[in-house]
Every structure is written in structure tokens, then in C-alpha cells.
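**Q** Quick one: the structure is below, questions incoming.
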């Protein structure tokens, strides 16, 4: 059985989803979709996702880290299903078939969790842009590449 809200597989029925806490409702329940929408909105209200960015400058024959900062990329409630919101951030364009690592922070009030996720291209892509899109359940994913060719990252949990 799957949770109606986060779509997690629920193997033991105890009245609520062990992932998101949504009541396990069956098909005969009235207005389940509006209840799911309202529950998701309440769970995600106040959640903001940030991308940690690094700024380097040349130093001799190498690079020196001069700044790190967190850039707000999304409030999950503002993302439409299936939408990839491309970020207006300058990134170096490189051609690669190797995994790209992203440092991500999820904040809700005083709660802050950091993740490092990888986007693994299936072929060579040009890393020109980073986008964000809703993932399955209470998660998001990052797109690395361009609107035409991109790789999706691992899921970042929002709860």
C-alpha cells in the first residue's frame, strides 16, 4: 500500500504513514485530494531550500577559495509538479560525464539539515545551469545541464 500524500510504500498498517504521518485513508474517503493538498501545504509551509555556492580566484597555478554562501533556490510550495525552475546563477560551463556533487541545505525555522547529492549524467552534458524540481513525496531534485539535456540529482528530503 502507498501513502496517498508522500507516495511512500507502507508495509505495516498502523493508521498513519511512517514517513510523513498522513492518515492512511482508503478509496471510499471523501475529498481525499483536497485533504492531501492541505496536508502537504501545512507540512511544507516555512521550508526553504538553499544551494551552497563556492567562489574561487586564481592564485598562481591553482585556485583559492575566497567565499562560500547559501543561495535560496526554492520554497517547495512554489514549485509546480514536473516543473524545473532554472536558477539565475552563473556557473562555469564544463563538459563532463562524471557525477556532479551539490551541497544543499533545507531549513524550516530553527531546523537546518545539510546534504550532499550527486547528479550522474548518462552521457556527456554541459554543466551550464542548475535547476530545481519537485521529487517524489516530500523531496526535491536538482537538474544539472540545460533545458534540453540534463541529469537529475538524488532526492533531497524536505521533512
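**Q** Answer yes or no: is there a residue in the range 37-54 that is touching a strand residue (DSSP E or B) at 6+ places or on another chain (Cβ under 7 Å), assigned to a loop (DSSP other than H, G, I, E, B) and at pLDDT 80 or above.
**A** Taking the range 37-54 as the starting set, the residues that turn out to be touching a strand residue (DSSP E or B) at 6+ places or on another chain (Cβ under 7 Å) are 46-54.
Checking which are assigned to a loop (DSSP other than H, G, I, E, B) leaves us with 46.
Still in the running and at pLDDT 80 or above: 46.
Yes - at least one qualifying residue is present in the range 37-54.
**Q** When both residues are 6+ apart or on different chains and their Cβ atoms are under 9 Å apart, which pairs have a first residue that lies in the range 114-127 and is under 14 Å from residue 153 (Cα atoms) and not assigned by TED's automatic domain parsing to the domain that holds residue 97, and a second that is modelled with pLDDT of 60 or more and loosely packed, with under 12 Cβ neighbours inside 10 Å?
**A** The qualifying pairs do not exist here.
The values are calculated or read from the model by the stated rules, or taken from the named source; none is laboratory data. Everything numeric here is computed off the predicted structure, so don't read it as measured data. With ideal geometry, Cβ positions are generated from the backbone for all residues, glycine too; neighbour counts draw on all protein chains shown.
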